[in-house]
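Okay, so here's the structure we're looking at.
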Amino acid sequence: MKSKKRMVEVNNLNVKFGEKHVVHDVHFNVNQGEIIGLFGISGAGKTTIVRVLTCQIDKKNWTGNVKVTNLSPAKKSNHSRILSKIGYVPQLELLNLYFDLSPMVNVGIFTSTYGMKKKMAKEVAKKLFKILDIPKDTWNKPVKHMSGGEKKRLSMAIGLIHNPNVLFLDEPTTGVDASKRYDILTYLKKLNQRLNITMFIITHDLEAALICDKAAILKDGRLLEFDTPQNLISSLPSYGLVARFTIENLNEKIIDNIREFKPVQTILRSGNEIIEILMDGFDENISNLIQYMINNKIEIISMSKDIASFRRFFQIRIQKEEEKEANLKLV
Ligand SMILES: Nc1ncnc2c1ncn2[C@@H]1O[C@H](COP(=O)(O)OP(=O)(O)O)[C@@H](O)[C@H]1O
Ligand SMILES: [Mg+2]
């Protein structure tokens, strides 16, 4: 059983760099063992929030009530205690691995900064290397000879070497081969389950939602959503049911025409001839929608029913926010 200990608390967090207000009234809570995905396009404020949590932003730049493992990063005197309880895996392995040294020598260097005993460090390293399938014959050879995926996993092991309560990962799947991205996500889930460790994953890889217990969606420094990916998808019309149509000679005029069918809430174009439609009362209205399309001489090639992915939710939510902003500018 996962315990429900509070690991991170963020209330009314505001961050300013001079006149630039980059994080606005953000609040969320995270319990032990949860995986949190921080999603948002570049510049949304993801890294800035994590930098506050990891004691990297001077208190003069932020206000709010923040606690990490029950300690406030607002107090400089708490920093070393917080840092001993959290781990950080940077986007580039270069930043936390010495490529000319072996994995085991890297472990020695990092653990000595935490005052860990050599024997203990080696034991923990072996355990982590095994969970992460880092091959034994690489342990004592220079890191530079390891594959990209192995380096990434080693970087994760180094972030965990001092047995932290919370692990922060900045873009863990960015720059990784498409075929290896799922591997990384699977390893993160495995670590989370084996170690009951709380994780923050900063990412613009929307597939990462697959392993997240909660997703935070940020835009322009504001938190738009913080909930389970499942709840977010279910908040869409008809709990996220999607009608996907392939339509001959699809164009904007046809899309506008379909939009006039009243129950239709959102139309997304997901291919040259493909649209995805969300609507109210899906089951009652789907046959009427098809009839409406036939009456309007819209040529349906194929149709299928599906549930919206997190990617779709994200797209729709950001689109809605942009429409809201555009309307505000008009008045
Ligand atoms: N030290 C800083 N000084 C001034 N502006 C900054 C600083 N750090 C971040 N910003 C600005 O804050 C905004 C959010 O950045 P960031 O947190 O890095 O976004 P993300 O990680 O979501 O891409 C950006 O507009 C960025 O330019
Ligand atoms: Mg960033």
| Separation between the residue 71 and residue 133 pseudo-spin-labels, each 7 Å from Cα along Cα→Cβ, expressed in nm? | 3.6 nm
| message | Can you give me the long-range amide H partners of residue 168? Hydrogens built in the peptide plane at 1.01 Å from N, cutoff under 5 Å, separation of 5 or more residues or another chain. | response | 87, 88, 89, 200
| task | Find, among the GluC sites (Glu not before Pro) in the range 1-75, those assigned to loop by DSSP (not H, G, I, E, B) with at most 13 other beta-carbon atoms within 10 angstrom. | result | 19
| request: Take the alpha carbon atoms of the range 84-154, find their center, do the same for the range 206-263, and report the distance between the two centers in whole angstrom. | output: 40 Å
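Compute the relative contact order of the range 190-251 as a whole-number percentage, counting only Cα pairs closer than 8 Å that sit 6 or more residues apart in sequence.
Details: 32 pairs, mean separation 10.3, N = 62.
With pairs under 8 Å counted, the relative contact order is 17 percent.
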| request: Return a single number: how many Lys pairs in the range 237-330, at a sequence separation of 8 or more or on separate chains, have alpha-carbon atoms below 24 angstrom apart. | output: 12
| Whole-Hz ³J(HN,Hα) from phi, Karplus 6.51 cos²θ - 1.76 cosθ + 1.60, for the range 192-205, glycine and proline x | 4, 6, 5, 9, 6, 8, 7, 10, 10, 10, 7, 7, 10, 8
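Quick one: Kirkwood hydrodynamic radius for the chain, alpha-carbon pairs, angstrom, one decimal?
On the way: mean 1/r = 0.0449 Å⁻¹.
Mean inverse Cα-Cα distance, inverted, gives 22.3 Å.
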| query | To one decimal place, what Kirkwood hydrodynamic radius in Å is obtained for the range 237-330 from all pairs of distinct Cα atoms? | reply | 13.8 Å
| message | From the helices alone, meaning DSSP H stretches of at least four residues, give me the mean residue ellipticity at 222 nm for the chain, per-run term -39500 (n - 2.57), in deg cm²/dmol to the nearest 500. | response | -11500 deg cm²/dmol
| field | Sequence-distant residues sharing a close amide H with residue 224 (under 5 Å, placed H) | value | 217, 218, 219
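No lab work stands behind these numbers, since they all come straight from the coordinates. Source: prediction; values computed, not measured. Cβ atoms come from the backbone with ideal geometry, glycine included; neighbour counts cover every protein chain shown.
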